[in-house]
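Read the structure below first, then the notes.
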Amino acid sequence: MQLTRASCALTLTIASAAFTPETGCVQVPSDGQRPALATHVQDWRDEVVYQLIVDRFADGDVNNDFSVAPGALGQYQGGDWKGIEDHLDYLQTLGVTTLWISPVIQNVDSDADIAGYHGYWQQDLTQVNPHFGDLAALRSMVAAAHDRSMKVVLDIVCNHMGQVFFYDINKNGRPDDYVNGSGGPGDPIVQVSEYDPPWQPEGVLSFSQEGTSGRAPILFFDDPSINRLPPQPGILATAGAYHGFGHIEDFNDVAQRTLGDFTGGLKDLATELPEVRATLVDAFARWVEQVDFDGYRIDTIKHVESDFWPVFAGNTRTRLAAENKNDFLMFGEAFDGNDQLVGSYTAPGMLDSVFYFPQHFTVFSNVFENAYSPTQAQGTDQIQQLWDQKTMNYGTQPQPGGIGIPPYKALVNFIDNHDVPRFLFASNGDVDALRNALTLLFTEDGIPCVYYGTEQEFSGGNDPGNREVLWTTGFPTDGDTFTHIQKVAGLRRAYVALRRGDTKVVWSSSHVATEDDAGVFAFERAGGDSGATAYALVVMNTDDFKSSSTSDGGTVMLTSAPPGATLVDVLDPTHATYPVDSSGHLQATVPAQKAMILVPQDQVVQGV
Ligand SMILES: [Ca+2]
Ligand SMILES: [Ca+2]
Ligand SMILES: [Ca+2]
């Protein structure tokens with residue numbers, strides 16, 4: 001193995017495959033070689049994650065631009081892994097330390113005139129998606145990120161494959177768009193598509209003039225022109241590896257939710273079978289071994305039976321730890337506002353973390369996105385009530401062999417993502433509210449995750465409008481939202497309390513009108529894993545229309561700051577100061593959609 005830095009030689013001799021935090025030095029193989037696995041992360045709460053869709057971020061190699069239709073967001077646009085490698089400077093300038101890239105695996109190329117540019121239509125778990133480059137390009141990008149102490153998270157799907165087969169309901173050997181089918185014995189005849197029939201409790205049944213006659217044959221497509229080929233590896237090309245119940249119609253029905261095909265005809269894997277489980281553990285772990293990824297973001301976890309996750313997570317951790325890959329982050333996506341359900345996937349032995357979807361709805365949507373609307377804005381007591389549920393709904397002990405942080409302190413926080421309208425779409429273009437939401441994102445407990453394009457104030461609505469091409473912006477780094485992210489990311493990096501301190505809410509309010517404290521929310525980050533003295537107090541006003549105060553009807557906010565201390569607003573370029581009175585109260589007024597990040601005067605880090 002060749003090393004790109006002579007200074008790394010010592011590391012190699014003393015501790016094979018080690019990461020040295022002092023220098024950020026890692027073993028980086030020359031382009032295209034298989035890397036030695038290493039643990040590149042210390043504490044995931046120190047990371048700033050940037051979620052990007054590979055096809056949309058940067059086009060670094062026009063040689064892989066086949067089937068590209070510029071401007072048609074349902075088609076490939078040409079972005080690739082080389083493009084990411086070429087723009088690591090841009091990401092580092094923004095303050096990003098971890099990339100979550102969209103799936104790398106070979107997909108069904110197109111379906112109903114929509115392309116698999118997003119990567120969630122997997123067909124062959126063993127091959128790269130050639131639209132994004134080859135294995136050497138992927139390895140090169142990840143190695144270049146590691147060389148800058150950046151980490152890369154792989155996006156995987158355990159629940160389903162792409163639309164790789166049809167149900168031959170009329171047994172004519174061909175896929176038919178419309179055939180007569182049955183909802184079950186005695187049910188009326190209905191017209192269904194053999195590509196994507198609806199849920200049937202007995203499984204999708206074949207149907208003829210004589211009525212139903214047992215399960216419909218599952219026949220794999222064989223169309224190389226759009227890479228709609230039998231899935232790989234091995235067992236995934238057999239009918240027995242799939243549930244075959246048709247697509248989910250009622251997402252609240254647990255049987256349908258876990259056994260049905262996913263929206264878009266995506267075929268549900270029989271994840272309860274030991275052979276299927278072993279295939280998934282192995283296929284994805286191989287990508288980590290081949291490329292040195294630092295974690296998984298796992299798609300659609302609520303569509304897989306719960307007892308899958310301890311097996312998948314446990315076996316993955318054991319295998320990777322044996323190869324020097326520890327602190328491997330596994331966070332799952334359950335697109336749901338039900339905090340108890342989402343939290344259930346962080347029970348002992350399961351995932352390290354989840355994408356904090358309940359907060360997307362309750363906080364970023366209801367409080368921040370709706371702030372422009374006097375009739376829809378909600379009070380900041382909603383934030384406190386949600387956060388108060390964390391220790392009840394999420395794991396409170398680190399997962400054995402996991403990232404070393406209890407799940408409730410390692411939730412992946414996000415404002416928006418590729419499956420919901422962007423903040424600026426949903427908020428009627430409220431850039432002040434967006435920046436204030438970003439201040440919360442970068443100061444709250446957990447791991448901040450920014451959806452690509454937020455820094456360029458993208459405002460796309462529903463899929464695929466929210467999956468814009470970034471490179472047409474020219475990658476400017478001087479916009480107001482870009483520089484705001486840069487600022488709050490820098491403050492999070494500089495103040496350990498903002499990354500690892502315990503959280504205590506000291507003011508929230510149901511008020512959303514003319515009251516003194518309408519829209520005010522304040523919380524402390526202190527103690528815990530940040531040390532005995534580190535302290536930060538975040539005070540924000542989510543009201544769009546007026547300044548508000550940390551007081552109401554004569555009651556003033558009580559803090560845990562030392563009585564008589566002077567706090568400095570490090571978010572303010574002038575470093576304005578605020579006195580804490582002799583009994584710990586702090587009176588402050590915050591302009592509409594602004595925030596303060598207050599730290600004790602003797603803890604101020606200069607130059608941040
Ligand atoms: Ca390209
Ligand atoms: Ca047929
Ligand atoms: Ca399933």
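The values are calculated or read from the model by the stated rules, or taken from the named source; none is laboratory data. If you're wondering where the values come from, they're calculated on a predicted model, not measured in any experiment. A quick note on method: Cβ atoms are made from the backbone with ideal geometry, for glycine too, and the neighbour counts reach across all protein chains shown. Accessible surface is based on the protein model in full, side chains and every heavy atom, while ligands, DNA and RNA are left aside. Shrake-Rupley method; radii C 1.70, N 1.55, O 1.52, S 1.80 Å.
Is it the case that some residue within the range 313-325 is in a helix (DSSP H, G or I), within 20 Å of P398 (Cα to Cα), touching a Phe, Trp or Tyr at 6+ places or on another chain (Cβ under 6 Å) and open to solvent by less than 10 Å² (accessible area, probe 1.4 Å)? Yes - at least one qualifying residue is present in the range 313-325.
For the range 507-548, the set of residues classified as open to solvent by 20 Å² or more (accessible area, probe 1.4 Å) and polar (S, T, N, Q) consists of S508, S510, T514, T533, S547, listed by residue number.
Out of contact with any helix residue (DSSP H, G or I) (no Cβ under 8 Å at 6 or more places or on another chain), under 23 Å from N417 (Cβ atoms) and near ligand 3 (Cβ under 10 Å from one of its atoms): is that true of T300 in this structure? Against the criterion (out of contact with any helix residue (DSSP H, G or I) (no Cβ under 8 Å at 6 or more places or on another chain), under 23 Å from N417 (Cβ atoms) and near ligand 3 (Cβ under 10 Å from one of its atoms)), T300 qualifies.
Checking every residue in the range 166-180 against the condition of being touching a residue at least 60 places away in the same chain (Cβ under 8 Å) and open to solvent by less than 40 Å² (accessible area, probe 1.4 Å) gives at least one match.
Taking the criterion of being away from ligand 3 (no atom under 16 Å from the Cβ) and small (G, A, S), the only residue of the range 162-180 that qualifies is G173.
The lone criterion from (1) open to solvent by 10 Å² or more (accessible area, probe 1.4 Å); (2) closer than 30 Å to E194 by Cβ left unmet by D282 is number (2).
Restricting G337, G332 to residues that are open to solvent by less than 10 Å² (accessible area, probe 1.4 Å), in contact (Cβ under 8 Å) with a residue 24 or more places away in the chain and within 27 Å of D388 (Cα to Cα) narrows the list to G332. Of the set (1) open to solvent by less than 10 Å² (accessible area, probe 1.4 Å); (2) over 22 Å from the mean Cα position of the chain (by Cα), all apply to N63 but (1).
V142 is checked against (1) open to solvent by 10 Å² or more (accessible area, probe 1.4 Å); (2) in contact (Cβ under 8 Å) with a residue 24 or more places away in the chain and fails just one. What number does that condition carry? For V142, the failing item is (1).
Among the candidates L91, L135, L125, L154, which residue alone is touching a residue at least 12 places away in the same chain (Cβ under 8 Å) and farther than 28 Å from D268 by Cα?
After ruling out the rest, the residue left standing is L91.
Residues that are of a type in the set (A, V, I, L, M), under 28 Å from A278 (Cα atoms) and crowded, with 24+ Cβ neighbours inside 10 Å within the range 109-139 comprise just one, L138. Taking the range 246-261 as the range and being open to solvent by 50 Å² or more (accessible area, probe 1.4 Å), within 12 Å of ligand 3 (Cβ to nearest atom) and touching a residue at least 40 places away in the same chain (Cβ under 8 Å) as the test, no residue passes. Sub-6 Å Cβ pairs linking a first residue in the range 190-208 that is closer than 14 Å to E249 by Cα and among the small types (G, A, S) to a second residue that is assigned to a loop (DSSP other than H, G, I, E, B) and within 16 Å of ligand 3 (Cβ to nearest atom), at least 6 apart or interchain, are G203/G244; G203/F245, ordered by first then second residue.
Each residue in the range 150-179 was checked for being of a type in the set (K, R) and away from ligand 2 (no atom under 16 Å from the Cβ), and 1 pass.
Of all residues in the range 57-89, those that are among the aliphatic types (A, V, I, L, M), within 11 Å of ligand 1 (Cβ to nearest atom) and not in a helix (DSSP H, G or I) total 2. Of everything listed in (1) open to solvent by less than 60 Å² (accessible area, probe 1.4 Å); (2) on the phi > 0 side of the Ramachandran plot, the single unmet condition for G554 is (1).
Quick check: is even one residue across the range 234-245 open to solvent by 20 Å² or more (accessible area, probe 1.4 Å), touching a residue at least 24 places away in the same chain (Cβ under 8 Å), within 16 Å of ligand 2 (Cβ to nearest atom) and over 30 Å from A36 (Cβ atoms)? Yes, that holds for at least one residue.
With a requirement of 2 or more residues that are open to solvent by less than 10 Å² (accessible area, probe 1.4 Å) and more than 30 Å from R317 (Cα to Cα), the helices (runs of 4 or more DSSP H) lying completely within the range 382-490 that satisfy it span 431-443. In the range 526-557, what residues are part of a strand (DSSP E or B) and either at pLDDT below 95 or more than 30 Å from S373 (Cα to Cα) (or both)? Listed by number, the residues that qualify are A526, Y535, A536. In the set (1) within 24 Å of the chain's Cα centre (by Cα); (2) within 16 Å of ligand 3 (Cβ to nearest atom); (3) open to solvent by 40 Å² or more (accessible area, probe 1.4 Å), P201 fails one condition alone, (1).
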